[in-house]
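A short write-up of the structure that comes next.
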Amino acid sequence: MLLRCSSLAAVRRSTGFLLTVALMLAAAPAPAQDHASWRDYGGASDAAQYSSLAQINRSNVTRLERAWLYPTGDSNKYFFNPIMVDGLLYVMAKNSSIVALDAATGKELWSSAPEPNLKVITNRGINYWESKDRADRRLLYCANHTLRAIDARTGKVIPSFGRQGSVDLKEGLGRDPKAIALVQSITPGRVFEDLIILGSATNQGYGSAPGDIRAFDVRTGKQDWSFHTIPHPGEFGHESWPKDAWKTVGGANVWGEMSVDEKRGILYAPTASAKYNFYGVDRTGDNLFSDSILALDARTGKRIWHFQMVHHDIWDYDDATAPKLVTLRTGGKTIDAVAQVSKQGFVWVFNRVTGEPVWPIEERPVPQNGMPGEKLAPTQPFPTKPPPFSRQKFTVDDLSPYLSPADRAKFRDDLLSARNEGLFTPPTTRNTVQMPGNNGGANWGGAAVDPTRARLYVVSKDLPAMLRLERGGQVKAGPEDPIEQRGLAVFQSNCQGCHRSSREGKPPEIPGLADLGGRLPRAEAAGTIRQGRGKMPGFAKLSGEELEAVVAYLYNPTRARFSTPAGGNPPTPIGPTSLDETERFYTGFGFMIASNGLSPIKPPWSTLTAYDLNQGSILWQIPLGDVPELAAQGIKNTGSHYPKVGPVVTAGGLIFTGTRDGKVRALDADTGKALWETEVDAALEGIPAIYEINGRQFVVFCAAAQAGLTPATQGKIAGAYVAFALPASK
């Protein structure tokens, strides 16, 4: 089946598309983006996660030693990717302060602390900008739903930026700012010329903020342009939504990563699902531009082309990993391409200027018979090449050999009784299997590319989920409502699927929460929600405000002025743009976790896959990391559990990555063979940084993540930035 008009054919209907493409194709060749330094999140604005440094290579990597260590000074969980400019290494530590270190020694030079009531901050990385004469050098980041600028040499606030150093991100979205609970992502944006371009994180539930992509002037903070991912009347794609959806529906946001082709001035932005994630009766249509890769003019925000990977998403199949820019040589042609990896385990490869797929993409029929009133897309796109990097089904034949007899029987019964028809099985009030899951496949930071050889490296996890929609009501929370009201909305979107609307759980495997106040201090409950415990995964994606609200609700639910309707009868749709409070349905993310804290699917639970993008083929695939408790029994090569780690590939033929088993590794980029590994004091998530100073190459890891979800490792946090280098020359 040919591509639908909501994807490739739409490219050709763009006003001015042919002229724009002609100008970009005719652009004079320019130097490749800088991969020798590490001045931006992911190494450079193209998000390659690649270093052209080769001092550390296959022949000497075994000689790596710890060069310095900088403790974070707290027990916070950080995933921060440091950047290095002018000998200063910028990290986040000391209760979410921006800290400047001597990049050669790790010595602290200054620290810039946020205000005491910090709720949310971009804790995955930071952006740097400098004027052409280098007289003005700035660090840009977001905190408490504001964009901020500080002096990169001193850490002092720049008062001329916005209002006394900050810009309110809740303004300029076409909605009442007071009604917006969450708009700031914890992922940094992208600097292009004199603009900083930002995505956003919206709530997971009904009535979330719209996912506009916006650009701000780095000097003044003034908004320069905005792209509506939920199109307004008269804009391309508006007909793919109910006519007034732009006023009420949220999401279709870029909460993950973006990349920029600096030579052509093109921004590549992967978008998330529309909200609510798992029930779309109030947002009929394909819902452009949710679940799409967008190619925008970075100077103006005008759409050049797009491709939608999921039509009318009701599975939370966000694209979070930065699109990777690479030049291919295939079929006798040289193609400047962009590759996007996804939660479903797909790799999508396009001509980065025209949007043409490098290999055919087929629209295939998918399961129907969803919830009453749900108008499912009849087909979904499937790339024919390259092959998927993740498993895409979970049956009783795939059960883990490390399950207890009771768990094996339970999961076998669950799988046999559930609806289980592949990637696009629609969730209903009956159990529905998702594989690799709404939190599986590739995630933020999870891919790197060697642009010199067209090699793509993808970290993936297999975390099956079981969805089941349950009737629930709308929580109407305004600024004057108690915090518990907002907490109920967070609970419905994230917790209700497992713990039920009554909070009674499913003992003994899922404990009830009705008596939580008598069993657990609030701080411990908040830590458990954030980090996970036992078989419960952590919810690091919750903002500080959301975490505070859901804890408040769990400890005082009667202050949430809402009573969940009884029963689970299907809804009666009342219109294309709205649902009343008795017609809203919810499910938790439904992560399937055994009583030993591990996934019920057989290992490997995480993998690293290498692709030759010239051929569209897999070169090799290996399990990435181990589970310490199993490794202690001699059971290895299982892959670590729940990784969100970012690989970095180097010109020295190496891949550096950390894992949640508390180890950092250097792998042979040609084979995946581990050439060097060492243990650090905590688990790792996020992307390492690689740079050179005083003729010495350093690799720096942020080791400040939760060490695991099993009881033996729960709570092992010893936050530090750890730098490795070859022995210093005498």
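The values are calculated or read from the model by the stated rules, or taken from the named source; none is laboratory data. All figures in this text were calculated on a predicted structure; none of them were measured in a lab. We place every Cβ from the backbone using ideal geometry, glycine too, and count neighbours over all the protein chains shown.
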Notebook entry, point to check: If only one of Asn123, Asn127, Asn95, Asn144 is on the phi > 0 side of the Ramachandran plot, crowded, with 19+ Cβ neighbours inside 10 Å and not aliphatic (A, V, I, L, M), which one is it?
Noted result: Asn144
Notebook entry, point to check: In the range 391-407, how many residues are touching a residue at least 60 places away in the same chain (Cβ under 8 Å) and either farther than 19 Å from Val366 by Cα or among the aromatic types (Phe, Trp, Tyr) (or both)?
Noted result: 10
Next item on the list: Please state which of the following conditions Gln392 fails to meet, knowing it meets all the rest: (1) surrounded by fewer than 22 Cβ atoms within 10 Å (Cβ to Cβ); (2) polar (S, T, N, Q); (3) assigned to a strand (DSSP E or B).
Entry: (3)
Next item on the list: Would you please name the residue that is nearest to Leu64 (Cα to Cα), looking only at residues in the range 638-647 that are of a type in the set (Ser, Thr, Tyr) and buried (at least 24 other Cβ atoms within 10 Å of the Cβ)?
Entry: Ser640
Item checked: Single match in Ala9, Ala32 (criterion: modelled with pLDDT under 95, assigned by TED's automatic domain parsing to the domain that holds Lys324 and under 30 Å from Val366 (Cβ atoms)) -> Ala9
Note to self: Let me spell it out: the conditions are (1) out of contact with any Asp or Glu (no Cβ under 6 Å at 6 or more places or on another chain); (2) within 22 Å of Thr528 (Cα to Cα), and Ala113 meets all of them except one. Which number is the exception?
What the structure shows: (2)
Next item on the list: Return the residue satisfying two criteria in turn: it lies in the range 316-335 and is free of Cβ contacts under 8 Å to residues at least 60 places away in the same chain and either surrounded by fewer than 21 Cβ atoms within 10 Å (Cβ to Cβ) or polar (S, T, N, Q) (or both), and of such residues it is nearest to Gln204 (Cα to Cα).
Entry: Thr334
Check: So, of the residues in the range 206-220 that are crowded, with 23+ Cβ neighbours inside 10 Å and small (Gly, Ala, Ser), which turns out to be nearest to Tyr128 (Cα to Cα)?
Finding: Ala215
Check: Leu53 fails exactly one of the following numbered conditions: (1) under 29 Å from Gly527 (Cβ atoms); (2) among the hydrophobic types (A, V, I, L, M, F, W, C); (3) part of a loop (DSSP other than H, G, I, E, B). What is the number of that condition?
Finding: (1)
Next item on the list: With respect to Ser160, determine if the residue is in contact (Cβ under 8 Å) with a residue 60 or more places away in the chain, of a type in the set (Gly, Ala, Ser) and either over 19 Å from Ala720 (Cα atoms) or out of contact with any Leu (no Cβ under 9 Å at 6 or more places or on another chain) (or both).
Entry: yes
Next item on the list: Scan the range 692-722 for residues that are among the aliphatic types (A, V, I, L, M), within 22 Å of the chain's Cα centre (by Cα) and at pLDDT 95 or above and jot them down.
Entry: Val700
Next item on the list: Go through (1) in contact with a strand residue (DSSP E or B) (Cβ under 7 Å, 6 or more places away or on another chain); (2) free of Cβ contacts under 8 Å to residues at least 60 places away in the same chain and name the single condition Leu118 misses.
Entry: (2)
Notebook entry, point to check: Could you say which residue among Asp212, Asp261, Asp217 is among the charged types (D, E, K, R) and touching a residue at least 60 places away in the same chain (Cβ under 8 Å)?
Noted result: Asp261
Note to self: Can you tell me how many residues within the range 675-698 are aliphatic (A, V, I, L, M) and closer than 19 Å to His641 by Cβ?
What the structure shows: 4
Margin query: Just to be sure I understand, how many residues within the range 648-683 are surrounded by 24 or more Cβ atoms within 10 Å (Cβ to Cβ), modelled with pLDDT of 95 or more and not hydrophobic (A, V, I, L, M, F, W, C)?
Written below: 2
Checklist line | Residue satisfying condition, being assigned by TED's automatic domain parsing to the domain that holds Gly440 and within 21 Å of the chain's Cα centre (by Cα), within set Trp359, Trp348 | finding: Trp348
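For the subset of the range 242-269 comprising residues that are of a type in the set (Phe, Trp, Tyr) and within 14 Å of Asp291 (Cα to Cα), which member is surrounded by the most Cβ atoms within 10 Å (Cβ to Cβ)?
Looking at the filtered set, the residue picked out is Tyr268.
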Check: Just checking, how many residues over the range 28-70 are of a type outside the set (Val, Ile, Thr), surrounded by 15 or more Cβ atoms within 10 Å (Cβ to Cβ) and over 30 Å from Lys263 (Cα atoms)?
Finding: 5
